[in-house]
Amino acid sequence: MNKNELIASVAEKTDMTKEQAGAAVEATIQTISETMQGGGEVRLLGFGNFLVTHRKASKGRNPQTGAAIDIAATNVPKFKPGKGLKELVNS
């Protein structure tokens, strides 16, 4: 399912127009993104958690030359599915 299909499904299930559903989906994505950008976590009970983890700096190797390279520290967005979603997917 892509974003347009998601918007169409939300519109159908909520009796919204596609424009209204699109605005709702966009607002949801923007809110989650902004919260994670600030280092926060979004918890949706029964669905899962969107969170940011920190990956430490490390050493690596260039696979073509074998030369050692430094890999910078970075923040990584993650999604941890909740129990309800896991059960739904595995049923």
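The values are calculated or read from the model by the stated rules, or taken from the named source; none is laboratory data. All of these numbers come straight from a predicted model, not from anything done at the bench. When we count neighbours, we look across all protein chains shown, and the Cβ atoms used for this are built from the backbone with ideal geometry, even at glycine.
The residues of the stretch 47-72 that are surrounded by 10 or more Cβ atoms within 10 Å (Cβ to Cβ) and part of a loop (DSSP other than H, G, I, E, B) amount to a single one, Phe47. Of the residues making up the stretch 4-34, those that are more than 28 Å from Val52 (Cα to Cα) and either assigned by TED's automatic domain parsing to the domain that holds Asn49 or part of a helix (DSSP H, G or I) (or both) number 9.
Does Gly84 satisfy the criteria of being among the small types (Gly, Ala, Ser) and under 19 Å from the mean Cα position of the chain (by Cα)? Yes. In the condition set (1) closer than 20 Å to Pro81 by Cα; (2) at pLDDT below 95, Asp15 is compliant with all but (1). For the stretch 27-46, the criterion of being under 22 Å from Leu6 (Cβ atoms), of a type outside the set (A, V, I, L, M) and in contact with a Gly (Cβ under 6 Å, 6 or more places away or on another chain) is met by at least one residue. In the stretch 1-50, of all residues being more than 12 Å from the chain's Cα centre (by Cα) and among the basic types (Lys, Arg), the one that is nearest to Lys78 (Cα to Cα) corresponds to Lys3. The lone criterion from (1) surrounded by 11 or more Cβ atoms within 10 Å (Cβ to Cβ); (2) in a loop (DSSP other than H, G, I, E, B) left unmet by Met1 is number (1). Close contacts from the stretch 15-38, counting a first residue that is in contact (Cβ under 8 Å) with a residue 24 or more places away in the chain and a second that is aromatic (Phe, Trp, Tyr), with Cβ to Cβ under 8 Å and a gap of 6+ residues or different chains, come to Met36/Phe50.
Scan the stretch 78-86 and give yes if some residue there is out of contact with any Asp or Glu (no Cβ under 6 Å at 6 or more places or on another chain), part of a strand (DSSP E or B) and basic (Lys, Arg), otherwise no. Yes - at least one qualifying residue is present in the stretch 78-86.
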